[in-house]
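Okay, so here's the structure we're looking at.
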Amino acid sequence: MLAKVFSGATVGLDGVLVEVEVDVSSKGFPSFKIVGLPNKAIEEAKERVFTAIRNSGAKFPDHRVTINLAPANLPKEGPAYDLPLAVGILIASGQMAANLKETFFLGELSLDGSLRHTNGVLPLALLAKKKKLKKVFLPQVDASEAAVVGGLKVYPIPNLVKLFSHFSGFKKVKPFPKTDFSSLVSDPQAEFDLSEIKGQEFAKRALEISAAGGHNLFLKGLPGSGKTMLARSLPGILPDLTEEEALEITKIYSITGNLPEKSAIVKNRPFRSPHHTVSQVGIIGGGARPRPGEVSLAHRGVLFLDEFPEFPRSVLESLRQPMEDGRVTISRAAGTVTYPAEFILIAASNPCPCGWLGSDKKECKCLPGQIIRYQKKISGPILDRIDLHVQVPAVSVEKLTSDNVISESSKSVQKRVQVARDQQGQRFKKTKIKANSEMKNKDIKKHCLLDKDCLSLLRQAVSQMNLSARAYFKTIKIARTIADLAGEGKIKIIHLAEALQYRPKDQFY
């Protein structure tokens, strides 16, 4: 007897429909064979499915069992096929009757027949909706994640016994209620509040501009000046996640197994801070089966690279393409996948290897050659792709010890950032652009009209500051964000003048 069950595979962030065809034949010797490019995890599913069926009170057919995972040219991996394999065997052997034309199955089986957590639930639930499959049966622990997708009946299944009871009509499983997005997303969370950081008003303003327009930021200064605190306070002023952005992030975290336990969706914008010993694959992604790296895990959030010059040159240079395009393409023998990588890069650096170059408190011990080599670790093309360059000075003891200095809280700044992002949302509502930093040259010409005074100032800046074409357009985008924060519809010369303050002032940085 032949049975067909629908399941799915993830390729990059997208799902591909997989048809599990199960044939149980009385002809030939008893055997159990899976074809259709299964990997080792699926080959081992034979033992899991065999034992789970027997321990659930059913009988594994004592015949020739052949399973095909179609399409046959698509490599299959992971344990998510355990449940569709078991269902197909039970139907093909005549032990269970069900109409599965509009039904989707996924889940890993334990030996006792219970269902375990499975990665990639959200992309596969979206696939089921796209293919107009109305019912999804999956592990009970993953039901809330799939229920974020509207238009599906999600059935949480704890074990094979409950599934058998449902299809036999003995005891129906109730569909999981639709998860409301607004009830999931929480307020932005950060390790530090801006009000806790003494002084550094210029750097705080740069943080606000960075959050409002999605601009990359380079913090440079002496050790202990507050660069790390400033960077770690940024998540607290980022705009609220939209439903579309939350789904994008959750898909990445779901397929990598990084979704927080008992969470249906990623609730806050990501903040990733890899150590400077991270490899190029760790940053960009890769492997035999290409997986997302830190640039994709930071999508729609922040990638913080502390001690920026200490990262290997190859790692820093690999950031060029994702910083420019907002996505990263990984090619391997197993295939080519593209992952999104729209992140805010926050880089922090000391002025020299010992850190005290330019300090009036401690003497720098570095030789001139050491300083030049240290600063040259960051190439010109990388620096040119960073929008805002800020020198973070040491904080005076008066500001550190004074209780009279009242700093603005992150919550107050976040409100202004949210208003600016809402304006950008209206400006780009018919496009895929989410923030000013994502504008291309054609978008800049359309949305960033400059008067004669502004153009004259820009011409002077290009000549005197040796701005590249990329830096020229980045300056205009920063001015557009500053105007949004001020609630202005047009870019004025005061906005452009402030934007030019954030360009690097010296030869290296």
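The values are calculated or read from the model by the stated rules, or taken from the named source; none is laboratory data. Please read these numbers as outputs of a predicted model, since none were measured by experiment. FYI the Cβ positions are ideal-geometry reconstructions off the backbone, even for glycines, and counts take in every protein chain you see. Heavy atoms of the whole protein, side chains included, go into the accessibility calculation; ligands, DNA and RNA do not. Shrake-Rupley method; radii C 1.70, N 1.55, O 1.52, S 1.80 Å.
Quick look at the numbers
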| item | result |
| --- | --- |
| Between segment 242-298 and segment 86-119, the alpha-carbon center distance in angstrom | 30 |
| With all protein chains modelled, accessible area of residue 50 [1.4 Å, Å²] | 70 |
| Hits among lysines - C-alpha to C-alpha of residue 361 under 25 Å, sequence gap 8 or more where chains match | 198, 204, 220, 227, 399, 505 |
| Rounded if a/c under 1.5, otherwise prolate or oblate - segment 1-102, Cα gyration tensor axes | prolate |
| Lysine pair count for segment 417-468 [Cα-Cα under 15 Å; pairs on different chains or 8 or more apart] | 6 |
| Between 0 and 90°, nearest 10: helix 45-55 axis offset from the chain longest Cα axis | 60 |
| Segment 439-496 - percent of accessible surface contributed by carbon and sulfur, probe 1.4 Å | 52 |
| Probe 1.4 Å, all protein chains present, accessible-area order of 447, 495, largest first | 447, 495 |
| Gain in span if fully extended, residue 25 to residue 37, counting 0.36 nm per residue against the direct Cα distance | 2.1 nm |
| Kirkwood Rh (inverse of mean 1/r, distinct Cα pairs), segment 302-386, angstrom | 14.8 |
| Candidates per GluC sites (Glu not before Pro) in segment 16-93, loop by DSSP, up to 13 other Cβ within 10 Å | 44 |
| Reference-scaled alpha-carbon Rg (2.2 N^0.38 Å with N residues) for the chain | 1.17 |
| Calculated FRET value between residue 180 and residue 98, using beta carbons and R₀ = 45 Å, to 0.05 | 0.90 |
| Apportionment of accessible area to carbon and sulfur, segment 109-208, percent (1.4 Å) | 54 |
| Global geometry of segment 452-509, whether rounded, prolate or oblate, following the gyration tensor of its Cα atoms and the 1.5 cut on a/c | prolate |
| In Å², nearest 10: area of residue 179 left accessible to a 1.4 Å probe | 20 |
| Projected label distance in nm at residue 338 and residue 278, using a 7 Å step from Cα toward the beta-carbon | 2.3 |
| Accessible-area value, residue 20, 1.4 Å probe, nucleic acids and ligands omitted, Å² | 0 |
| Between helix 452-465 and the chain: long-axis angle, C-alpha atoms, 0 to 90°, nearest 10 | 90 |
| Segment 458-509 versus segment 132-153: alpha-carbon centroid distance in Å | 48 |
| Accessible surface, per residue, of segment 439-483 when the full set of protein chains is kept, probe 1.4 Å, Å² | 56 |
| Computed helical MRE - 222 nm, the chain, DSSP H runs ≥ 4 contributing -39500 (n - 2.57), nearest 500 | -10000 deg cm²/dmol |
| Overall form of segment 389-509 per C-alpha gyration tensor (a/c, 1.5; a/b vs b/c) | oblate |
| Unit charges on C-beta of K, R, D, E only; dipole of segment 29-114, Debye | 260 |
| Nearby lysines by direct alpha-carbon distance to residue 131 (threshold 21 angstrom, same-chain neighbours under 8 apart not counted) | 4, 76, 101, 153, 178, 251 |
